[in-house]
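Inspection log for the structure reproduced underneath, given as structure tokens.
The values are calculated or read from the model by the stated rules, or taken from the named source; none is laboratory data. Model, not experiment: these values are computed from the prediction. Cβ atoms come from the backbone with ideal geometry, glycine included; neighbour counts cover every protein chain shown. For the accessible areas, the whole protein counts, side chains as well, though only heavy atoms, and no ligand, DNA or RNA atoms are used. Shrake-Rupley method; radii C 1.70, N 1.55, O 1.52, S 1.80 Å.
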Amino acid sequence: MILFESICGRVSCFLALLVVLIAAALQILENSESIDVSSMDLKTLDETYRGKNKSCFILGASGESGKALLKEIVERKLFSRITLIGRRQLTFEDKAFENVAQEVVDFEKLDDYAAAFQGHDVGYCCLGTTKAKAGTEGFIRVDHDYVLKSAELAKAGGCSHFNLESSKGADKTSGFLYLKVKGQVEADIEQLDFERYSIYRPAVLLVDRQESRAAEWMARKFLGAFSSAFPTAMSIPITSVARAMLANTVIQGEKKVEILENKAMYDLGKLGVK
Ligand SMILES: NC(=O)c1ccc[n+]([C@@H]2O[C@H](COP(=O)([O-])OP(=O)(O)OC[C@H]3O[C@@H](n4cnc5c(N)ncnc54)[C@H](OP(=O)(O)O)[C@@H]3O)[C@@H](O)[C@H]2O)c1
């Protein structure tokens, strides 16, 4: 028994050390692509952007990322028109949301809802499910097919800047279904040739999710201990994701296609936060 406990103790120590080393390595690797935001003033950027009278749509506004993004957009009054495109009508008690338009669509027949996508300058896609929830086919259907079709309709409807929330590690050649599908949809949307296409690759989202997801919950508990020492290695707060997407929007970068990894998002998310 004593021998067993001693082995377990050593294995735990080894695993903890391994995670620290991986986190440290990831942190060092990601440091190479950080964005210098020290000279940027978010208020001025917001004001300039507001003056352009742009409109946007959000896909997935009922989800955790989408909710955080919508809240930030409404608070900062960045767009003259906001449309939520989703499979169900959402209710908001806060008066600040009363001018937010909603289009309820059937994602299986998206072509019938092309009008919902028309006339938006900017599109944000925070759509997604999990294999555990939807099965393999269902996951591919949502995270690839629905996302790509939405992007096609957005492009046809005049959207010039498409923002995709993808995932850390997205890679169309990956052996992991999740990362492969994320990488494939990133690549397929690139073929649509948007004037500007921004891909965000967050790590595990730190959020008190309403829906219970055991694997994510465990990952967050586990990562919690490391996130203070290596804040950008394996996770990111959901508010940082939303702020990063919007900071990147108002900065109005020149790159046609850009990929923002977790560290870059974390840095951008800090912009304007006192
Ligand atoms: N969770 C993480 O740690 C993590 C990490 C990296 C990247 N990501 C990626 O980031 C994105 C957003 O993640 P999240 O955790 O914020 O998402 P989430 O909370 O699960 O929300 C997903 C959104 O997609 C919609 N959706 C799901 N299945 C659908 C279907 N069959 N038809 C139509 N709409 C559907 C949901 O609508 P309903 O509310 O109607 O269900 C909801 O608006 C996803 O692409 C995810 O893969 C997540």
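Is it the case, given these coordinates, that Leu192 is free of Cβ contacts under 8 Å to residues at least 60 places away in the same chain, among the aliphatic types (A, V, I, L, M), assigned to a loop (DSSP other than H, G, I, E, B) and away from the ligand (no atom under 11 Å from the Cβ)? Spell out how you get there, then give the answer.
Details: free of Cβ contacts under 8 Å to residues at least 60 places away in the same chain: yes; among the aliphatic types (A, V, I, L, M): yes; assigned to a loop (DSSP other than H, G, I, E, B): yes; away from the ligand (no atom under 11 Å from the Cβ): yes.
When the stated conditions are applied, Leu192 passes them.
Looking at Lys221, is it farther than 30 Å from Lys133 by Cα and either open to solvent by 50 Å² or more (accessible area, probe 1.4 Å) or at pLDDT 85 or above (or both)? Before you say what the answer is, go through the steps one by one.
Working: farther than 30 Å from Lys133 by Cα: no; either open to solvent by 50 Å² or more (accessible area, probe 1.4 Å) or at pLDDT 85 or above (or both): yes.
Considered against the rule, which asks whether it is farther than 30 Å from Lys133 by Cα and either open to solvent by 50 Å² or more (accessible area, probe 1.4 Å) or at pLDDT 85 or above (or both), Lys221 comes out as no.
Being open to solvent by 30 Å² or more (accessible area, probe 1.4 Å), of a type in the set (A, V, I, L, M, F, W, C) and over 23 Å from Tyr178 (Cβ atoms) is the filter here; which residues of the stretch 140-163 pass it?
Of everything in the stretch 140-163, just one residue is open to solvent by 30 Å² or more (accessible area, probe 1.4 Å), of a type in the set (A, V, I, L, M, F, W, C) and over 23 Å from Tyr178 (Cβ atoms), namely Ala156.
Counting only residues that are touching a residue at least 40 places away in the same chain (Cβ under 8 Å), in contact with an Asp or Glu (Cβ under 7 Å, 6 or more places away or on another chain), within 7 Å of the ligand (Cβ to nearest atom) and not small (Gly, Ala, Ser), how many does the stretch 119-141 have? Can you show your working first?
First, the residues of the stretch 119-141 that are touching a residue at least 40 places away in the same chain (Cβ under 8 Å): 119-128, 130-132, 136, 139-140.
Right, trim to in contact with an Asp or Glu (Cβ under 7 Å, 6 or more places away or on another chain) and you get 125-126, 128.
Within this subset, residues satisfying the condition of being within 7 Å of the ligand (Cβ to nearest atom) are 126, 128.
Remaining after also requiring not small (Gly, Ala, Ser): 126.
Of the residues in the stretch 119-141, 1 are touching a residue at least 40 places away in the same chain (Cβ under 8 Å), in contact with an Asp or Glu (Cβ under 7 Å, 6 or more places away or on another chain), within 7 Å of the ligand (Cβ to nearest atom) and not small (Gly, Ala, Ser).
Does any residue in the stretch 240-252 that is in contact (Cβ under 8 Å) with a residue 40 or more places away in the chain come within less than 6 Å, Cβ to Cβ, of a residue that is among the charged types (D, E, K, R) six or more places away or on a different chain, and which pairs are these?
From the stretch 240-252, the pairs are Ala242/Glu72; Leu246/Glu72; Val250/Asp46.
Taking the stretch 55-71, which residues are open to solvent by 20 Å² or more (accessible area, probe 1.4 Å) and of a type in the set (S, T, N, Q)?
Within the stretch 55-71, just Ser62 meets the criteria.
When both residues are 6+ apart or on different chains and their Cβ atoms are under 6 Å apart, which pairs have a first residue that lies in the stretch 196-209 and is farther than 16 Å from Glu254 by Cα and part of a loop (DSSP other than H, G, I, E, B), and a second that is within 12 Å of the ligand (Cβ to nearest atom) and open to solvent by 10 Å² or more (accessible area, probe 1.4 Å)?
Ala203/Lys168; Ala203/Met234; Val207/Glu64; Val207/Ile238; Arg209/Glu64
Would you point out which residue out of Leu127, Leu90 is within 25 Å of Tyr197 (Cβ to Cβ) and modelled with pLDDT of 95 or more?
Working: Leu90 fails: within 25 Å of Tyr197 (Cβ to Cβ).
After applying the criteria, what remains is Leu127.
Taking the stretch 142-183, which residues are more than 11 Å from the ligand (Cβ to nearest atom) and either in contact with a Leu (Cβ under 8 Å, 6 or more places away or on another chain) or at pLDDT below 95 (or both)?
Looking only at the stretch 142-183, we keep the residues that are more than 11 Å from the ligand (Cβ to nearest atom), and these are 148-149, 151-163, 171-177, 180, 183.
Answer for the stretch 142-183, where residues must be more than 11 Å from the ligand (Cβ to nearest atom) and either in contact with a Leu (Cβ under 8 Å, 6 or more places away or on another chain) or at pLDDT below 95 (or both): Lys149, Ala151, Glu152, Leu153, Lys155, Phe162, Asp171.
Taking interchain pairs and intrachain pairs at least six residues apart, which have beta carbon atoms under 6 angstrom, with the first residue in the stretch 81-106 and touching a residue at least 40 places away in the same chain (Cβ under 8 Å) and of a type in the set (A, V, I, L, M, F, W, C) and the second away from the ligand (no atom under 12 Å from the Cβ) and part of a strand (DSSP E or B)?
Taking only residues 6 or more apart or on different chains, the pairs are Ile85/Phe57; Ile85/Glu103.
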